[in-house]
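The values are calculated or read from the model by the stated rules, or taken from the named source; none is laboratory data. The model shown is predicted, which means the values in this text are computed figures rather than measured ones. Heads up, the Cβs are rebuilt from the backbone with ideal geometry, glycines too, and the neighbour counts pull from every protein chain shown.
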Amino acid sequence: MRDAATFDAKAAMAAYRTTFEEGCGAFLARYPETELYAPVRYLMSLGGKRLRPVLVMAACEACGGKAEDALPAAMAVELFHNFTLMHDDIMDDAPLRRGQPTVHEKWDANTAILSGDALHVIACEALLQAPSKALPELLRVFHRTALEVCEGQEQDMAFESRSDVELEEYMEMIRLKTSVLLAAALDMGGSSAGADPHVRAALYEFGLHVGLAFQLQDDYLDAFGNPENFGKQVGGDILADKKTFLLIRAMEKAQGADREALLEELGSKREGKVNRVLDLYRRLGVDAELRDAMAGQVTLAEGALARMKAATPQALQGSEAAMALLHGVAAMVTARLN
Ligand code: IPE
Ligand code: IPE
Ligand code: MG
Ligand code: MG
Ligand code: MG
């Protein structure tokens with residue numbers, strides 16, 4: 001039974017990805033083949049997991065709508081996500097994205113800023129294709145979310161130069177920079193199907209926990225991921241003194257010589273920094289703590305869906321494959337740990 005559900009979920013995921021790629025390819029073809037749009041096409045062509053548009057379409061079908069109805073919202077969310085990556089990679093001085101040079105490396109920072117701006121506008125234009133009845137609410141959620149992501153990114157940057165960031169502040173920062181977009185994806189999928197506000201609120205809460213688990217895993221992989229298949233520079237967070245779950249807990253736990261060693265690494269770019277910090281993380285056991293925290297968020301995500309189904313059994317009665325996908329998605333996205 002569980003295997004069947006997993007299989008359904010994976011097949012549904014692949015089908016949504018195909019719908020998205022076809023729809024988004026056709027949508028982007030309307031923009032001219034000029035220099036401004038070349039980085040947009042480049043980054044979009046590098047793929048990625050396409051998790052957010054899959055969530056938009058799955059939520060729409062779980063609520064009884066058709067995936068095609070959700071395509072404008074799915075495109076808007078994925079295009080917006082790619083815009084944030086283009087700018088995030090400048091801010092994080094990241095050389096690699098999806099296994100290829102980042103836009104500011106391949107072109108330059110000014111190009112990445114301007115094409116990123118264009119990509120944000122393209123995301124808004126994609127959303128304007130949504131059914132007119134759903135549009136006002138979609139626009140409200142989309143723009144509120146976009147500002148929250150900026151707020152999260154501002155905190156992420158500000159935390160780099162602080163050494164007293166607490167776990168609670170970190171959780172709020174990752175809620176803003178990452179979780180709200182996954183939550184909005186689910187909410188906007190619900191809107192695209194004309195779902196009731198309380199159903200959308202439950203989907204949103206589910207998405208927040210999936211998103212927290214997702215960013216915890218992203219932090220884990222940034223430190224411990226396999227450079228062969230991670231697609232980004234492993235150790236980038238350590239080099240930039242990002243206040244990740246791992247670093248915050250390590251600072252809280254380290255005593256004596258460990259603490260001094262850790263403080264000495266902060267702000268420095270000495271040869272071997274990444275490996276020395278990784279050794280400390282392992283010795284202090286913060287890698288295992290992160291995995292527990294992630295599992296906790298997966299459980300909370302599942303709980304949010306279960307409560308919704310118990311309270312309103314007639315809601316989320318659309319496609320079974322879509323529902324199986326939502327049930328499995330938190331565990332699926334956090335399964336890859338190296
Ligand atoms: C990367 O997102 C940025 C984060 C919020 C962690 P993804 O890991 O979803 O990136 P792609 O789209 O699959 O490349
Ligand atoms: C990214 O967080 C969040 C946004 C892009 C809004 P990260 O900086 O951790 O994402 P990656 O690791 O570069 O993908
Ligand atoms: Mg960043
Ligand atoms: Mg980054
Ligand atoms: Mg990261």
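Can you pull out the residues in the range 27-44 that are without any contact (Cβ under 8 Å) to a residue 40 or more places away in the chain, under 21 Å from residue 128 (Cβ atoms) and not charged (D, E, K, R)?
Within the range 27-44, 29, 32, 44 qualify.
For the range 227-242, enumerate the residues that are touching a residue at least 40 places away in the same chain (Cβ under 8 Å) and more than 15 Å from ligand 1 (Cβ to nearest atom).
Those that are touching a residue at least 40 places away in the same chain (Cβ under 8 Å) and more than 15 Å from ligand 1 (Cβ to nearest atom): 235, 238, 241.
Report, ordered by the first and then the second residue, all pairs with beta carbons closer than 7 Å, sequence separation of six or more or different chains, a first member in the range 114-126 that is touching a residue at least 12 places away in the same chain (Cβ under 8 Å) and among the β-branched types (Val, Ile, Thr), and a second member that is in a helix (DSSP H, G or I) and buried (at least 23 other Cβ atoms within 10 Å of the Cβ).
122/79
Which of the following residues is more than 26 Å from residue 178 (Cα to Cα) and touching a residue at least 24 places away in the same chain (Cβ under 8 Å): 326, 284, 300, 305? Break it down stepwise before answering.
On the way: 326 fails: more than 26 Å from residue 178 (Cα to Cα); 300 fails: more than 26 Å from residue 178 (Cα to Cα); 305 fails: more than 26 Å from residue 178 (Cα to Cα).
Sole residue among the options that is more than 26 Å from residue 178 (Cα to Cα) and touching a residue at least 24 places away in the same chain (Cβ under 8 Å): 284.
Scan 231, 235 and give me the residue that is more than 18 Å from the chain's Cα centre (by Cα) and either farther than 30 Å from residue 323 by Cβ or within 16 Å of ligand 5 (Cβ to nearest atom) (or both).
Values: 231 fails: more than 18 Å from the chain's Cα centre (by Cα).
One residue alone meets the criteria, 235.
With the requirement that a residue be β-branched (Val, Ile, Thr) and within 16 Å of ligand 4 (Cβ to nearest atom), what does the range 65-90 give you? Full working, then the answer.
Step one: filter the range 65-90 for residues β-branched (Val, Ile, Thr), giving 77, 84, 90.
If the condition is that a residue be β-branched (Val, Ile, Thr) and within 16 Å of ligand 4 (Cβ to nearest atom), then 84, 90 are the ones that fit.
Among (1) away from ligand 5 (no atom under 16 Å from the Cβ); (2) in contact with a Ser or Thr (Cβ under 6 Å, 6 or more places away or on another chain), which single condition is residue 215 missing?
Of everything listed in (1) away from ligand 5 (no atom under 16 Å from the Cβ); (2) in contact with a Ser or Thr (Cβ under 6 Å, 6 or more places away or on another chain), residue 215 misses just condition (1).
Looking only at the range 212-259, filter to residues that are acidic (Asp, Glu) and within 12 Å of ligand 4 (Cβ to nearest atom); which one of those is surrounded by the fewest Cβ atoms within 10 Å (Cβ to Cβ)? Working first, answer last.
Within the range 212-259, the subset acidic (Asp, Glu) is 218-219, 222, 228, 237, 241, 252, 258.
Cutting the leftovers down to within 12 Å of ligand 4 (Cβ to nearest atom) gives us 218-219, 222, 237.
On the way: 218: 17, 219: 20, 222: 20, 237: 23.
The residue in question is 218.
I need every pair where a residue in the range 166-188 that is among the basic types (Lys, Arg) and part of a helix (DSSP H, G or I) has its Cβ under 8 Å from the Cβ of a residue that is near ligand 2 (Cβ under 10 Å from one of its atoms) and at pLDDT 95 or above, sequence separation at least 6 or different chains.
Partner pairs satisfying both residue conditions: 175/152; 177/149; 177/152; 177/153; 177/156; 177/215.
Being touching a Leu at 6+ places or on another chain (Cβ under 7 Å), within 16 Å of ligand 2 (Cβ to nearest atom), aromatic (Phe, Trp, Tyr) and touching a residue at least 40 places away in the same chain (Cβ under 8 Å) is true for just one of 206, 214. Which residue is that?
Values: 206 fails: within 16 Å of ligand 2 (Cβ to nearest atom).
Only one candidate qualifies: 214.
Do we find a residue being out of contact with any helix residue (DSSP H, G or I) (no Cβ under 8 Å at 6 or more places or on another chain), closer than 30 Å to residue 244 by Cβ and not acidic (Asp, Glu) anywhere in the range 107-119?
yes
The rows are residues; the columns are (1) within 16 Å of ligand 5 (Cβ to nearest atom); (2) under 21 Å from residue 20 (Cβ atoms).
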| site | (1), (2) |
| --- | --- |
| 54 | no, yes |
| 63 | no, yes |
| 81 | yes, yes |
| 91 | yes, no |
| 102 | yes, no |
| 127 | no, yes |
| 145 | no, yes |
| 148 | no, no |
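So, residue 261, is that one more than 22 Å from the chain's Cα centre (by Cα), closer than 19 Å to residue 174 by Cα, part of a helix (DSSP H, G or I) and touching a residue at least 12 places away in the same chain (Cβ under 8 Å) or not?
Details: more than 22 Å from the chain's Cα centre (by Cα): yes; closer than 19 Å to residue 174 by Cα: no; part of a helix (DSSP H, G or I): yes; touching a residue at least 12 places away in the same chain (Cβ under 8 Å): yes.
Taking the combined requirement at face value, the residue does not satisfy it.
Can you tell which of 6, 111, 19 is at pLDDT below 95, on the phi < 0 side of the Ramachandran plot and hydroxyl-bearing (Ser, Thr, Tyr)?
Working: 111 fails: at pLDDT below 95; 19 fails: at pLDDT below 95.
The conditions single out 6.
Those residues that are assigned to a loop (DSSP other than H, G, I, E, B), surrounded by fewer than 21 Cβ atoms within 10 Å (Cβ to Cβ) and more than 16 Å from ligand 3 (Cβ to nearest atom), I need them from the range 28-73; list them, please. Lay out the reasoning, then the answer.
First, the residues of the range 28-73 that are assigned to a loop (DSSP other than H, G, I, E, B): 29-34, 46-50, 63-66.
Narrowing the set further to residues that are surrounded by fewer than 21 Cβ atoms within 10 Å (Cβ to Cβ) leaves 29-34, 46-50, 64, 66.
Once the filter is applied, which keeps residues that are assigned to a loop (DSSP other than H, G, I, E, B), surrounded by fewer than 21 Cβ atoms within 10 Å (Cβ to Cβ) and more than 16 Å from ligand 3 (Cβ to nearest atom), the range 28-73 yields 29, 30, 31, 32, 33, 34, 46, 47, 49, 50, 64, 66.
Quick one: residue 250 ticks every box in (1) within 12 Å of ligand 5 (Cβ to nearest atom); (2) in a helix (DSSP H, G or I) bar one, so which box is it?
(1)
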